[in-house]
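Working notes, structure below.
The values are calculated or read from the model by the stated rules, or taken from the named source; none is laboratory data. Remember, it's a predicted structure, so these values are computed and weren't measured experimentally. Every residue, glycine among them, receives a Cβ derived from its backbone with ideal geometry; neighbour counts consider all protein chains shown.
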Amino acid sequence: MDESQSYNVNFFKPSTPFLKENVRAIVIGLTIWGVMTYGFQILLKIMETPTPEATYVVFQQAAPKLADGTASAEEKVAVANTYLALLGKSAALLKNDTLKTAFTSTVYNLLSDAERGNLLAAAADPKASMGFINTALGITDNKAMMAVVPYGLIAVTPDKMAMTDPALKPIMDKFFIHNQSVLTDTIVFGFPFHYLYTALILLTSFVIICLVYCQVIDKMMKKYDMEHSFE
Amino acid sequence: MLLVALPAFAASGTSLEGSFKTMPAIILIACILLFLVVGFMNKAEGTADFYAAGRSISRVGSGMAIASNWMSAASFLGMAAIMYGTGYHGLSYVVGWTGGYCLLLLLMASQIRRFGKYTATDFIGDRFYSSGMRFWTAIIAIFISFCYSVGQFGGIGLMFKWIFGMNYSASVIVGGLVVLSYTLISGMLGVTKNQIVQYVILITAFLIPAFILTFKFDYFWLIPELGYGRVVSDIVAGSQTPFINSLGHVMQTVPQPEFAMPWDTATGKDFFQWMATCFALMIGTAGLPHVIQKFYVVPKPADARWSVTWGLFFICLLYWTAPLYSAFGRILSSNPEVGNLAKDAIVVYTAQLGSVNPLIVGFLAAGAVSAAFSTVSGLLVAGSSAFSNDIYFKLINPEASGSQQILAARLATVAMALGIILVALLKLALVAQLVALAFSIAGCTIFPLFLLGIWWSRSNRPGGIASLSVGGFFTVFSIFYFICGKFGVALPGASFVGYWLNPWYFAWIASPLAILANIVVSLNTEDTPEHIRKHLASEVHGVR
């Protein structure tokens, strides 16, 4: 090896014992880092199953019966509750008139004649009492659902009512089906495990990787008598 | 007949904002004055002293300085905002902005220190023996500072709006001018000590409400970073807590698994975007000039390593806690009556909705402004010194006197700040996204040059130029498509580019391609001059 050759630096061909050891430490550190960061997300991706929320499963069984008119009162309640849970998910959905029409129509269908008039009045006035709707939907002890009711109603005349609409399916698929697996469904310290892992364990492991690497390199520097000119 | 009911989104964001808030305003002004006083007490006497200021500071102290230099409005406000909006996708920002430090430490920190230059531009100019590349890296450094600052100004604007009750545009202008004056006054003041003070303020401001929220709502409050786990599970399952928020709504929500489940379709973000964002932010971290520059000012390479580790720990103190705000924010604002909240202010709104004492909320807002201030003034100094030193002095007027250089730097600072204010007024995207753009640019231009420059002596000037050209091309291409899209100009393949080469994460592919271009061109051109290889081998890698 001539003089000029010896000045070549290549990560994959470390030329001195120090560089060999340094590169080894880097490769080990980066491998742990890479597997912990990206490996886990890939595992999460591989293991996931698209899982519908419980309310959507019930809805999917009941919805066809709404179309042919054979749905029972309980099934209509379940459908209305599904619409309501969907409406409660985001402010954007509260602007979806098709969804609100479906919700209002289903509730309308559930009520007695006298209450139907109250519903139409309530739809035009969000400040009106909604107690009879909450009772009909069986959500009187669920404050989160009750809070959504006034925002989910839309003023619609009985002839324009529709309890289902094909346009709703993609929206419901989008909001009700989630990528779940044992990693997301196991609860650790109150967290869904994958969330705990990514938000806390992974960050902590970054600090540990850095800590260990610093100690390893400090020892290496002593061993090879490097960096002395800086001391 | 179709009557449309208009539910009263009466309360909405407005009742949370209100008008001028006296105590928060006093706290904010007191913080800024404190920074100035600390700065004057540690005034630097000239350039060498300015850089050497770190010498009297411990590793823990310079770790704090790294953390405060790093954490900006994007960390303080932006991360919680993006998790509030897109759930698990937001964690790719949390992971990307911390994991990048491993890359930086393992591959670069002590090597950069041993190379012995003062700035990123100097390193690239010397290592690739090219004044042209020095010029272009300076331009890129200025542009990165610019994009990074646009996000910060947006955050400052939101907090000024909240504290002083002005509209957003007026807040951005006033907030921007205050930062500009602060930077011009404090330009040469003791930076490192100041950053330690800024860190202590911002982390205290961020952590106190976290303890209060978890305590008040009966979660495990001794370690709020663990305690909020049940909040996440409550959001997934639909909660039944007995508490109410400051607007009188129950703290309950319908089941929202989309908040925590990975790449949920409801968030509109998928697996690829998670991985690409995370990766782009990581390599961007390892390529940001103002981050890399921190390693030149520590006395020893060992200090460079340990201060990164301490810095990462101090950064994590905030990053472990940030998702807490998004979770509490989600559950406290779930009542439809709250309406749409400005996502970037969700940290402050969360504290307000949780009925945290207004003084503490004011301190929180002041902490957000401090976070933005410390980073912006650093960025403006970095950008303007790149102009005055690398462009004006080295290329335009090599005869310039010291005072002419300082004048050039001042003018560049003013010009940059005004430009940033103008762009911030356009409100192009969320704070965290605008900052992510700066990371993607750094990740595909500067990172490849440092990586290969340090670890492969064969990488030469033509290779460096090729690498910079590829990175630069992708940057311009992606931003061009983004801006055209914003102004409604339809370009061919816009949806393809918007997905695969999105401005927040185009570095995922641009960076590997830039590295490839560097390798291919280097191998087909003359070897690097011997004196550079010798310096690299003996000084940086200890080959004797």
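So the values come out like this:
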item	result
Selection within region B:312-327 - touching a Phe, Trp or Tyr at 6+ places or on another chain (Cβ under 7 Å) and more than 7 Å from chain A (Cβ to nearest Cβ)	B:314, B:315, B:318, B:321, B:324, B:326, B:327
Residue A:199 within 23 Å of the chain's Cα centre (by Cα), on the phi < 0 side of the Ramachandran plot and either more than 7 Å from chain B (Cβ to nearest Cβ) or among the basic types (Lys, Arg) (or both)	no
Any chance residue A:80 is part of a helix (DSSP H, G or I) and more than 9 Å from chain B (Cβ to nearest Cβ)	yes
Condition check for residue A:81: of a type in the set (S, T, N, Q) and more than 24 Å from residue B:241 (Cα to Cα)	no
Meets criteria (facing another protein chain (nearest Cβ under 7 Å) and more than 19 Å from residue B:83 (Cβ to Cβ)) for residue B:250	yes
The one condition in (1) modelled with pLDDT of 95 or more; (2) under 30 Å from residue B:330 (Cβ atoms); (3) aliphatic (A, V, I, L, M) that residue A:94 fails to fulfil	(1)
Single match in B:226, B:247, B:281 (criterion: part of a helix (DSSP H, G or I) and in contact (Cβ under 8 Å) with a residue 24 or more places away in the chain)	B:281
Checklist (1) more than 18 Å from residue A:93 (Cα to Cα); (2) of a type outside the set (Val, Ile, Thr); (3) in contact (Cβ under 8 Å) with a residue 12 or more places away in the chain applied to residue A:147, failing item	(1)
Selection from region B:397-435 of residues that are in contact (Cβ under 8 Å) with a residue 24 or more places away in the chain and among the polar types (S, T, N, Q)	B:413, B:433
Search result, residues across region A:150-170 that are at the interface with chain B (Cβ under 7 Å from one of its Cβ atoms), in contact (Cβ under 8 Å) with a residue 60 or more places away in the chain and surrounded by fewer than 20 Cβ atoms within 10 Å (Cβ to Cβ)	none
Enumeration of residues in region A:1-52 that are without any contact (Cβ under 8 Å) to a residue 12 or more places away in the chain, within 29 Å of the chain's Cα centre (by Cα) and more than 7 Å from chain B (Cβ to nearest Cβ)	A:31, A:34, A:35, A:39, A:42, A:46
Subset of region B:334-352 [of a type in the set (A, V, I, L, M), more than 14 Å from chain A (Cβ to nearest Cβ) and within 19 Å of the chain's Cα centre (by Cα)]	B:345, B:347, B:348
Test: residue B:324 is part of a helix (DSSP H, G or I), over 21 Å from residue B:241 (Cβ atoms) and not hydroxyl-bearing (Ser, Thr, Tyr)	no
Residues being at the interface with chain B (Cβ under 7 Å from one of its Cβ atoms) and either touching a residue at least 24 places away in the same chain (Cβ under 8 Å) or within 13 Å of residue B:301 (Cα to Cα) (or both) - total across region A:202-211	3
Top-ranked residue of region B:293-311 - restricted to ones that are hydrophobic (A, V, I, L, M, F, W, C) and surrounded by fewer than 23 Cβ atoms within 10 Å (Cβ to Cβ), ranked as nearest to the other protein chains (Cβ to nearest Cβ)	B:302
Among residues of region B:337-373, those that are within 22 Å of residue A:144 (Cβ to Cβ) and assigned to a helix (DSSP H, G or I), counted	9
Pick from region A:175-231, criterion surrounded by fewer than 20 Cβ atoms within 10 Å (Cβ to Cβ) and among the small types (Gly, Ala, Ser), ranking: nearest to residue B:539 (Cα to Cα)	A:229
Selection within region A:118-138 - buried (at least 21 other Cβ atoms within 10 Å of the Cβ) and within 11 Å of another protein chain (Cβ to nearest Cβ)	A:122, A:123
Tally of residues being within 19 Å of residue B:316 (Cβ to Cβ) and of a type in the set (Ser, Thr, Tyr) across region B:198-240	4
Scan of region B:253-292 for residues that are more than 7 Å from chain A (Cβ to nearest Cβ), under 22 Å from residue B:228 (Cβ atoms) and polar (S, T, N, Q), ordered by number	B:267
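Okay, residues lined up against (1) part of a helix (DSSP H, G or I); (2) out of contact with any Asp or Glu (no Cβ under 8 Å at 6 or more places or on another chain); (3) among the small types (Gly, Ala, Ser); (4) at the interface with chain B (Cβ under 7 Å from one of its Cβ atoms):
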site: A:172; (1), (2), (3), (4): yes, yes, no, no
site: A:213; (1), (2), (3), (4): yes, yes, no, yes
site: A:217; (1), (2), (3), (4): yes, yes, no, yes
site: A:226; (1), (2), (3), (4): no, yes, no, yes
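Yes/no per residue for (1) more than 10 Å from chain A (Cβ to nearest Cβ); (2) surrounded by 17 or more Cβ atoms within 10 Å (Cβ to Cβ); (3) over 16 Å from residue B:124 (Cα atoms):
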position	(1), (2), (3)
B:512	yes, no, yes
B:515	yes, yes, no
B:518	yes, yes, no
B:532	no, yes, no
B:540	no, yes, no
